[in-house]
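Worksheet: one structure, shown below.
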Amino acid sequence: MLQLHSVTKRYGSLTALDGISLDVARGEFFGLLGPNGAGKSTLMSLIAGLRAPEAGTLTLDGLPLTSARSTARLALGLVPQHIALYPDLTAVENLRIFGELYGLRGADLHGRIDAALEAVQLADRARDQVKNFSGGMQRRLNLVAALLHRPKLLLCDEPTVGIDPQSRNAIFEYLERLNREGLTIIYSTHYMEEATRLCSRIGVIDHGKLLALGTLDELLTRLPFDEEILFPATPATTPLAAQLQPHGDLATSGGIVRFRPRPGYKLSAFYALTEAQALPPHLFTQQRPTLEAVFLHLTGRSLRDA
Amino acid sequence: MHPILALLRKDFLHFRRNKAAVSLTFAVPFAMIWLFGWIFGVNRKDSGPSGIPLAVVDASGHAATAKLITALRAEKTFRIITEHPSALPKRPLAEADLRPLMEAPGAPFRFAVVLPADLVSHTRLGLHLIFLSNPRNEIETQTVNGILQKTIFSHVPELLGQSLQANAKRFLGEDTLRQFHRGIARTVASTFGGDADALERSMAAADFGFGAFTQPRDESLRRLDSPAADPNQKPEIKKKTSTADLFSQIVKFDTDQVVGAKVRSPMATSLVGGWAIQFLLFAVSASAASLFRERDAGIFQRLLAAPVTRAHILWSKFLYGVGLGLVQLVVLFVASSWLYGVEVLPHLPLLALVCVFAAAACTSFGMLIASISTSPEAASGLATFLIMFMSAIGGAWFPITFMPEFIQYFSKLTLVYWSMEGFSAVLWARQSLGQIFPILGLLGGITVVVMGTAIWRFNRGRIFG
Ligand SMILES: Nc1ncnc2c1ncn2[C@@H]1O[C@H](COP(=O)(O)OP(=O)(O)OP(=O)(O)O)[C@@H](O)[C@H]1O
Ligand SMILES: [Mg+2]
C-alpha cells in the first residue's frame, strides 16, 4: 500500500533521513523503532505530505504522495507527536472541526464523535475545554482526532508518551482492534516493549538510516546468539565478567551486565564458572534476546542510552 | 539567586536568542524618530504645509490680479490650479466648474478662490472675493484660510489702487489722467529726487506704495504706530491685527462651504476616520499574529495532513480578520455617533461596505507582516512600526498636505489614506455607492496585491515549516 524509495530529507546541513526504502502492506501494524532524533517524526511528516523530500519517492496505492494531493490525504490519518488540539475548545468542538475538514457533517459526524470519545473513555468529558484535560486525556483525544474520517492508513507518532499504564493499555487494545478491522498502522516509538507487543513488522531507525527491517522473529534470528544472560555489575561479579570476555559480547548499562555468548558456547560452561566462584543462581537471568539486544547489536548503543 | 533576578535573566536570554527582537529593539526607535522627522520635514526648508491644491478662477479682467495669482503660486503651501483638470481641449477653469469638481469623488481640489467680475467695486472702496471650501480637515482649512488672507491682503493696496484708478479714469478721461500722473511725477522728482519716468510708470500701474502696510516695519516705525504701547504687550501682533482689521473691512469674502455643510458634528466626523483606521490596523494585525500561536501548538501539522492547503488556512484567517475588523469598526462608528453626534446611522449600509474593504486591506496587511516575520515578537514590532509609519504618511495624524510634497505621493500608496478617503466620502461628503466605487476598487486592489504577496511569502516562509 505504501512505498518509500530512497527517501532523503535534510534540514540545512543535517540529514534527517538518509535513503530510506520501505514497503508497508495493507493491514500491517508497522513499527518504527528508534531513539530520540532518529528521524521518526520526519518520516511521518513526509508520508503525511507535510514536507517534501529532497530525493526519493513516496507512493500510496501507486499515487505519488506529494504535498498537493488531497485524494491521498483522505486515506491518511496523522496522530502528531505533540498535542495538536485547540486548547480553548471542548473535546467535541475539536473533533467537529477535524471531522468537517474531511467533509463529514450532520448526524454521521455526531455519531462518529460519540463513538470516538467512547472508545478512549472521554465521553464524560466531551464538553470540557481541552486545556483542562490531563496530559493523558489530551493524548487520547489527540489520537481519535485522526480517526474520525476512518483513514486507511494511520500514522501514529509516539502516541503514548506520558500516559499511565491503564490508559496505554486501552489505547493498545483500541489500535489492535482497528488493525484487526483492516486499518493499516504505522506506529513510531522508542519503547521496544510497545513495538514488541503491537507490531507485526518493525523497522529499526537511527540517525536517519533504516538499520533493520522485518518481523520480530526475523530481527531476533539475525542476532548471532539466541540467549542472553543478565547479572548485576558488582565487585563480586567482576572476576566472572573478565573470565567471560573471550566467550562472547559483554555490555554494561544501568548497573546490569549483558552477556551474549558466541555461537557454540555451552551454557553449562557458564554455570560451572558461577558455581566455582560461589555466586548464587538468583543473580542470573537467562532470557531470549529482545529488541533491545537487536538495537544494541546494530548500533553498539543501548536504545535507552541513545 | 533571587527568583526575580533568575526570571529576569531568563527574559534577557530569551530576548538575546530572538534575533528579530534584538534588531527591532534598536532599529525601530531609531527608524521611528528618523522617519517622523523626515515625514514632517524637521530641520528642513520644505517643512510646513505644501502643495494644497487651490483652484483660482479669475473673472475680474483686472490687470493687477495677475500679480496676486503669481504671489499665490509662489506660496509653497498651494498648488494653484487654473486649468480645468479634465476638460479637453484644455481651458481655464470657470466659476461654474468649481462646485461639480469639488463635489465629485476624488475631487482635484478642496479649496477655490474666485476673483469675480465685481472684484473691484466702482461704487465703493473695497474688494469682493469668493472662497469655496470643503473643510474636511479643520487644521488644513485654517491653514489655507490664513495663508490665503495673508497673500490677498498684501495685494489689497494694489487692487484698491486699480479701483481708484478705474474710477478716476472714468471721471477724468484717459488723457487727463495721464497728464495728471505726469505732473505729479515731475513735481515729486524735482522736489524729492528720483526718476520721473519710473514714478509715472508706477503710478499708472496704480502702485501708490500702500504695499508698505504689509511689509515688515522697522522698530522705530512700530513704536510710532503705537506710542502708548505697554512694553509687555507684543506690538507685532497688535500691528498685524490692526492691518488685518483694516483690510477685512475693505475686503468682502463670500465664503461658501461646498461639501459637508450639512454635517452635524463636523469636527468628530472629520477625525473619526483617522482614529478608526489606526485602531483597526492594531486590532487586525494582532489577530494575524494568532497564526504563530497555532504554529507553536503544532496544529498546522494536523490541518495540513488533512485535505487542507496553506491557502485555506490563510484565507480563513483573512476572513476572520475582516469579520472581526468589521464588527469593531461598526461599534466604533456607532459609539462616535452616540458620544459625539457623528451621523452614522443614515449612512450605515455604505459605511459598512467601506468598513469591509478597509478591514480587508488591514487584514491583508497583518497577514503580510506575519508572513515575513519569524516570531510573534518580530511581527508585533514590525507591525507597530509600519502602522505608525503608514498612519503618519497616510494622513491619520495630520493632513498629508502638512508633509513635503514628494511624501504626499507615497501617502496615496497607503491603505490608511484610501480607507480615510472612504470614511470621509461616506460620512462627510455623503457620496453614493457609485461615487465611492473607485475608492472601494483601490482598497480591493491593495488587498489583492498585499494578500497575494503574503501567501507567496507564507509558502516560502517558516510558519508552516
Ligand atoms: N524543523 C526542523 N529543523 C531542523 N532540524 C530538525 C527539524 N525537525 C527535526 N530536526 C532534526 O532532525 C532530526 C530528526 O528529528 P525527528 O524529530 O524526526 O526525530 P524523532 O525520531 O522523531 O525523535 P523523537 O523520538 O525525539 O521524537 C533531529 O536531529 C532533529 O534535530
Ligand atoms: Mg519524533
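The values are calculated or read from the model by the stated rules, or taken from the named source; none is laboratory data. Given the structure is predicted, the values throughout are model-derived calculations rather than measurements. Quick reminder, even Gly has a Cβ in these numbers, built from the backbone with ideal geometry, and neighbours come from all protein chains shown. With ligands, DNA and RNA removed, areas are computed over all heavy atoms of the protein, side chains included. Shrake-Rupley method; radii C 1.70, N 1.55, O 1.52, S 1.80 Å.
For this structure, a couple of remarks:
- Cα centroid separation, region B:350-397 to region B:250-278: 27 Å.
- Members of B:LYS19/B:LYS412; B:LYS90/B:LYS252; B:LYS45/B:LYS252; A:LYS40/B:LYS10; B:LYS90/B:LYS412; B:LYS67/B:LYS252 lying beyond 23 Å, as alpha-carbon distances in this model show: B:LYS19/B:LYS412; B:LYS90/B:LYS252; B:LYS45/B:LYS252; A:LYS40/B:LYS10; B:LYS90/B:LYS412
- Ranking of A:ASP128, A:ASP164 by solvent-accessible surface, largest first: A:ASP164, A:ASP128 (1.4 Å probe, protein heavy atoms only, all chains present).
- Placing a pseudo-label 7 Å from each Cα along the Cα-to-Cβ vector at A:ALA25 and A:GLU218 gives an inter-label distance of 0.9 nm.
- Unit charges at the beta carbon, dipole of the protein assembly as shown: most positive-side option, A:ALA119, B:THR25, A:LEU109: B:THR25
- Inter-site label distance for B:PHE279 and A:GLN287 at 7 Å from Cα along Cβ, in nm: 6.8
- Mean projected area of the Cα convex hull of the protein assembly as shown, taken over all directions, amounts to 54.7 nm².
- Only protein heavy atoms count here; on that basis, with a 1.4 Å probe, B:ASP256 has an accessible area of about 50 Å².
- Straight-line cross-link partners of A:LYS152 among the aspartates and glutamates, defined as a Cα under 14 Å from its Cα and at least 8 positions apart when in the same chain: A:GLU28, A:ASP61, A:GLU181.
- Computed across region B:266-460, the Kirkwood hydrodynamic radius from all distinct Cα-Cα pairs reaches 17.1 Å.
- Value of relative contact order over region A:2-220, rounded to a whole percent, pairs C-alpha under 8 Å and six or more apart: 31
- Mean-position separation - Cα centroids, region A:40-64 and region A:144-190, in angstrom: 20
- Translational diffusion of region A:228-288, µm² s⁻¹ [Kirkwood Rh, Cα pairs; Stokes-Einstein; 10 °C; 1.306 mPa s]: 137
- For region A:228-288: relative contact order, % (alpha-carbon pairs under 8 angstrom, 6 or more apart): 46
- On the basis of the beta-carbon distance and an R0 of 60 Å, A:ALA241 and A:LYS131 show a calculated FRET efficiency of 0.70.
- Computed per residue of chain A from DSSP H runs no shorter than four, each worth -39500 (n - 2.57), the mean residue ellipticity at 222 nm is -9500 deg cm²/dmol.
- Overall size of region B:12-129 from C-alpha positions, given as principal axis extents largest first: 83, 32, 23 Å.
- Mean ellipticity per residue at 222 nm, deg cm²/dmol - from DSSP H runs of n ≥ 4 across chain B, formula -39500 (n - 2.57): -21500 deg cm²/dmol
- Heavy atoms of B:TRP38: accessible area, 1.4 Å probe, square angstrom to 10: 70
- Per residue, region A:228-288 exposes 56 Å² of accessible surface when a 1.4 Å probe is rolled over the protein heavy atoms with every protein chain present.
- A simple spin-label model places the labels of B:ARG16 and A:GLN121 4.7 nm from each other, with each point 7 Å out along Cα-to-Cβ.
- Convex hull volume per residue, computed on the Cα atoms of chain B, equals 242 Å³.
- Altogether, the Stokes-Einstein calculation at 20 °C and 1.002 mPa s, with the Kirkwood radius of region A:197-306 over Cα pairs as Rh, returns a diffusion coefficient of 143 µm²/s.
- Applying 1/(1 + (r/R0)^6) with R0 = 45 Å to the Cβ-Cβ distance of B:ALA335 and B:LYS45 gives a FRET efficiency near 0.60.
- Heavy atoms of A:PHE231: accessible area, 1.4 Å probe, square angstrom to 10: 0
- Based on Cα contacts under 8 Å between residues 6+ apart, chain B shows a relative contact order of 19 percent.
- Considering only beta bridges that DSSP places wholly inside chain B, some 25 percent are antiparallel.
- Within the accessible area of region B:249-302 (1.4 Å probe), percent carbon and sulfur: 55
- All alpha carbon pair distances within region A:2-220 were sorted into 10 Å bins beginning at 0; the resulting P(r) in whole percents reads 8, 34, 36, 18, 3.
- With R₀ set to 45 Å, the beta-carbon distance separating B:SER86 from B:ILE139 gives a calculated FRET efficiency near 0.95.
- Per-residue HN-Hα couplings for region B:149-160 [Karplus 6.51, -1.76, 1.60; θ = phi - 60°; Hz; x = Gly/Pro]: 4, 4, 5, 5, 4, 6, 10, 4, x, 5, 5, 5
- Partner aspartates and glutamates for A:LYS131 [C-alpha distance under 18 Å; skip if fewer than 8 residues away on the same chain]: A:ASP88, A:GLU93, B:GLU294, B:ASP296
- Ranked by solvent-accessible area (1.4 Å probe, protein heavy atoms only, all chains present), the residues B:TRP428, B:TRP418, B:TRP275 order from largest to smallest as B:TRP275, B:TRP418, B:TRP428.
- Accessible surface ranking that places the most exposed of A:GLU173, B:GLU405, B:GLU140 first, with a 1.4 angstrom probe: A:GLU173, B:GLU405, B:GLU140
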